[in-house]
1. Per residue and in cubic angstrom, what volume does the convex hull of the Cα atoms of the stretch 276-343 have?
2. Tally Lys and Arg at +1 and Asp and Glu at -1 over the other residues with C-beta under 13 Å from the C-beta of residue 414: what net charge comes out?
3. So what's the stretch 361-401 giving for Cα Rg divided by 2.2 N^0.38 Å, two decimals?
4. Fewest first, what order do 169, 350 take by the number of other Cβ atoms within 10 Å?
5. For q = 0.12 Å⁻¹, what log10 I(q)/I(0) does the stretch 309-419 give under the Debye formula with an equal point scatterer on each alpha carbon and no solvent?
6. Would you kindly derive the ³J(HN,Hα) couplings of the stretch 302-307 from the backbone phi angles with the Karplus curve 6.51 cos²θ - 1.76 cosθ + 1.60 (θ = phi - 60°), listing them in order in whole Hz, with x for Gly and Pro?
Amino acid sequence: MNIRSPCREVVLRPAPMCLHILILVCVLIPGAASSAEAHPESTANILSSCATFASNGSSAFAAVETTGISLEIADAGGRTSHMNLPLRYPALVQPANPAVSRRNWTCAIYFNHQSDVVALAVGSKFGQPEVTHFQVGTADLKTAKWIASFSAEPKLNFFPLSLAGFLGDTNSLVISGTITGKGGTEQGDLPASLELSVFGEPLSSEPIARRPTETTDAFRSYADAGHNRLWLFLCSYTRTKPYHVPLCPVSVASLVGEDTSATVLEPRNYSGKRNDLWMWPSAFAAPDSNTVIVAETVAGEDTVWRVDMQKRSVDRFALPHKHFVGYNGLHNAALSPDGEVLAILLDQIDLGFPYLVDNYVFKGTDVAVMQVRPFRLLGLIPHKDSGYTGGLAVDHREGKATVLVYREGHLERREFSAP
């Protein structure tokens, strides 16, 4: 993308000076299952991280620290560039417990369709009473310079929660969140989206809200800007009876613009066991406009489903290891740009001594790498007692799946055969 307007910053609040930025370098070691050597830096200052691949093979990695954001871009030829961005709302004190602090920070990053612009978003919530902040930065990859840095603050009862990505093949950004107040569900919240330019200028007069197809007391939503889709899973624990398949209708609608594609799939006639379907999905990915992948740990089985709205079909794949603890350990799914390979984080949770319920001990996070059509496990990246795992991304080309994952102070690269 060739930005004619000079690089500028959309200032809604004064931005603090960046005191110190830690540059995290990805060390690439060739091999079928290679990994990078650990950097000496500790992860204590890392509040969050995110990574992504572009359709042309470029990759991006962002690390959110207590003092700022570092962005590393690697093109398909291996050349890297680094950019730094101050945090608009930095952590005021050094986190005493990094694991707890990271729950209050999020990071998301996307390439546009042309692979020449990258957008990253950092969300944070802290303080008493709790205040939510949302910062977005956009960069032109041809010049390796920032286009803009801006904040998306709550407005018109709209609370921004995450960056959903670029809208289709445009350079418009979509921020997903909720609208609270009149016209919502019983809790008063509806999923909503706001469209912005790369400069932070609103492209729609107000956020667009979508109402679930039926009255429900709870639902999960997934915003897929790349295909202009909003997925809703109208599930609730209270609707699940023992030994019965839960009624969890799936609906899909347009994320922004006129809603002309609303479709509903109800698995009420599913003939399988109760544990064969999701109850409260925790990870999402969308290979195309008619298909969504969800994952959840149900009754000790780490399970991935592919829902095809056009074929009206549900395909299920359970990872090999079944464990006693029924913990929902699957999260942060990443999909390759061609939609053929899935990588997903799998927390390992054990019962601690004296092995009573609710005495859970975190052991680390594995990465499961899967082929999407048909479902097939390509391999696992073991956790090795990692205290923090983030920055997950996966690429697929020339018969190989390449996974990037950040943990223990370095960005690892692993390759798997994926014909």
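1. Numbers: hull volume 5.8 nm³, N = 68.
Dividing the Cα hull volume of the stretch 276-343 by its residues yields 85 Å³.
2. Working: positive: 384, 400, 407, 413; negative: 366, 395, 412, 415.
Overall, the nearby charge balance is 0.
3. Details: Rg = 12.4 Å, N = 41, 2.2 N^0.38 = 9.0 Å.
Against the compact-globule rule of thumb, the ratio is 1.37.
4. Numbers: 169 9, 350 14.
Ordered from fewest to most neighbouring Cβ atoms within 10 Å, 169, 350 come out as 169, 350.
5. -0.47
6. Rounded to whole hertz, the list is 7, 10, 10, 10, 10, 10.
Every number in this text was worked out from the coordinates using simple rules, so none of it is lab data. Just so we're clear, the structure is a prediction, and the values are computed from it rather than from any experiment. Quick reminder, even Gly has a Cβ in these numbers, built from the backbone with ideal geometry, and neighbours come from all protein chains shown.
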